[in-house]
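Contents: one structure, followed by commentary.
Each value in this text was obtained by applying a stated rule to the coordinates, not by laboratory testing. Remember, predicted model here, so these are calculated numbers, not experimental data. Neighbour counts run over all protein chains shown; Cβ positions are idealised from the backbone, glycine included.
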Amino acid sequence: MSRINTVCVIDDDKIFTFAVKRLLAISDCCENVIEYSNGEEAISGLRALLASNRNMPELILLDLNMPIMDGWQFLDEFITIRELTRIKIYIVSSSIDPADIEKSKKYNSVSKYITKPLDKEILKKIINSSL
Amino acid sequence: MLGYSEKEILNIPREAVIFPNDLKKDKIIFEKLLSGEIKNHIDEKRYINKNGDVLWCLVSVSLIKNDINQPIHFLAQKINITESKKSEYKINSLLETTKKQNKRLLNFAHIVSHNLRSHSSNFTMLLKMMQEEYPKLSSNPYYPLLKVASENLNETIENLNQVALVNISSNESYSKINLRNIVEKNIANISTQIIEHNVDITNSVPEHIKLNVIPAYANSVILNVLLNTIKYRKENVKPVIKIYFEQVGKYATLNIKDNGLGIDLEKNGDKLFGMYKTFHKNKDSRGLGLFLSKNQIEAMEGKINVNSKVDVGSTFSIYFRDE
């Protein structure tokens, strides 16, 4: 099984982040998991990682509907930070609204739009394609 | 009309019978008439009658002049339109209320489907993970029940979402389709069921009928009705489905006639196209199909209705708007 170093989960749903961490642990495909509960927390967290020269995540799983700063606002902010452009972003949202899926295509930094629920197989595919 | 006698009306100033807010407008019109800028004027104006009630009148005013072109007097004719004004106001406010309610309803459906979906997908995810991690737990008799409940919840939300989408995104793109061809295509889609139940199906739609529709919706409506006719076939009778075309006024109409169970329209007619109404004890009757179809055909400014007799069969008529 191929492994990546760090996965970052940005989601306000505690059950979802619990499940993702569990799935990642079971499939043994990454070293670390960083979690943020909204876009704003994620932006300042990622900036702090950059500043302290620590390991950056290779992959972000991004939710859309979140309080304070939602997934779209996070993306708008994210693309302005040049040092972060190497990170792959997958939107993982419960929205099945075609308008959301269309909108995600406008962001070059978004690799794919995935609708919840997530399972082991989908997660493995995401990890493999972001190696 | 205003309740004054002729003597009384001659002795009170005009200002006393004209609604204050309309006085200014009145003055301007008089000036224009006097200067010869306009010859006459028709307008809706408010008056106050002897009881103090406000009346809406349609007023036509012109200036009468003598032989040497000097103004003598104004001639005004008034028609009381208070009642029709009242109805107009009532209709407009009803329309506004309906618009607002409709918007709220769509908004609500959208929010409900979105917010519920995040929870239902958590259930799905957790149940699956639990089964994988603790296979023993899933042999507990409660487990399959929880799983079915979770699947049903997902499906309900999915359906609700579809309905909300049909209503929100009615700016979907239209294109020209050949009616006979899409009927054929949908028959082909359900060929396994046609063979399984030995259905005799004939499509007599002429080849030249072309319609401007939202193709995904048109397909979905036709497929839904076809599936419905097979689903509610009569046991031990060979199902016969006849599909034929008819032009009804401005509507290109597709009729789908079956010899199935039929529906008691007197009992259920008004519920037929409602959400989650099923009338047959059929294990996979969901009830959403026709509700969604109705929404889709209405999004294309068409309509759908049914003629039916219990034990004889039903004819569904799908009306496509045809400019």
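What the table shows:
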read-out	value
Residue A:107 paired with residue B:188, simple spin-label distance in nm, labels 7 Å along Cα-to-beta-carbon	4.0
Order of B:207, A:77, B:235, A:31 - criterion: other Cβ atoms within 10 Å of each residue's Cβ, fewest first	B:235, B:207, A:31, A:77
DSSP H segments from chain B that extend 27 Å or more along their own axis, Cα-based, with Kyte-Doolittle mean of 1.0 or above	none
Residues residue B:23 and residue B:66, FRET efficiency given R0 of 35 Å [Cβ-Cβ distance, rounded to 0.05]	0.80
Where labels lie 7 Å past Cα in the beta-carbon direction, separation of residue B:235 and residue A:51 in nm	7.5
Under the Karplus curve 6.51 cos²θ - 1.76 cosθ + 1.60, θ = phi - 60°, whole-Hz ³J(HN,Hα) for segment A:49-63, x wherever Gly or Pro sits	4, 4, 5, 8, 6, 8, 4, 8, x, 8, 9, 10, 9, 10, 7
Loop trypsin sites (Lys or Arg not before Pro), segment A:63-96 (other Cβ atoms within 10 Å of the site Cβ: 11 or fewer; DSSP)	A:86
Leading residue at positive end of dipole, segment B:67-208 (Cβ point charges), from B:126, B:105, B:144	B:105
In order through segment B:303-313: 3J(HN,Hα) via Karplus (6.51 cos²θ - 1.76 cosθ + 1.60), integer Hz, x for Gly, Pro	8, 9, 8, 9, 10, 7, 9, 4, 6, 10, x
Cβ-based exposure ranking for B:197, B:114, in which fewest neighbours within 10 Å come first	B:197, B:114
Whole-Hz ³J(HN,Hα) from phi, Karplus 6.51 cos²θ - 1.76 cosθ + 1.60, for segment B:196-208, glycine and proline x	4, 9, 6, 7, 9, 10, 10, 10, 10, 5, x, 6, 8
Helical contribution to [θ] at 222 nm, DSSP H n ≥ 4, -39,500 (n - 2.57), averaged over chain B, rounded to 500	-15500 deg cm²/dmol
Cross-link partners of residue B:250 among lysines (Cα-Cα below 16 Å; sequence separation of 8 or more within a chain)	B:210, B:303
Candidate aspartates and glutamates for bridging to residue B:242, where Cα separation is under 15 Å - those fewer than 8 sequence places away on the same chain excluded	B:184, B:200, B:258
Projected label distance in nm at residue B:46 and residue B:207, using a 7 Å step from Cα toward the beta-carbon	6.7
Cβ-placed point charges (K, R +1; D, E -1), dipole of segment B:168-232 about Cα centre in debye, nearest 20	160
Residues of type lysines that residue A:116 reaches as a straight line, Cα spacing below 28 Å, ignoring anything fewer than 8 places off in the same chain	A:14, A:21, A:88, A:103, A:105, A:106, A:124, A:125, B:103, B:128, B:136, B:147
Most fluctuating residue given options A:48, A:99, A:25, as computed from a GNM of chain A linking Cα atoms under 10 Å	A:99
Sequence of B:91, B:9 once ranked by neighbouring C-beta atoms within 10 Å, starting from the fewest	B:91, B:9
Simple Cβ-charge dipole of chain B, Lys/Arg +1 and Asp/Glu -1, about Cα centre, in debye nearest 20	280
Debye, to nearest 20: dipole size of the protein assembly as shown, +1 on Lys, Arg Cβ, -1 on Asp, Glu Cβ	480
Length gained when the stretch residue B:93-residue B:54 is fully extended (0.36 nm per residue, less Cα-Cα span)	12.1 nm
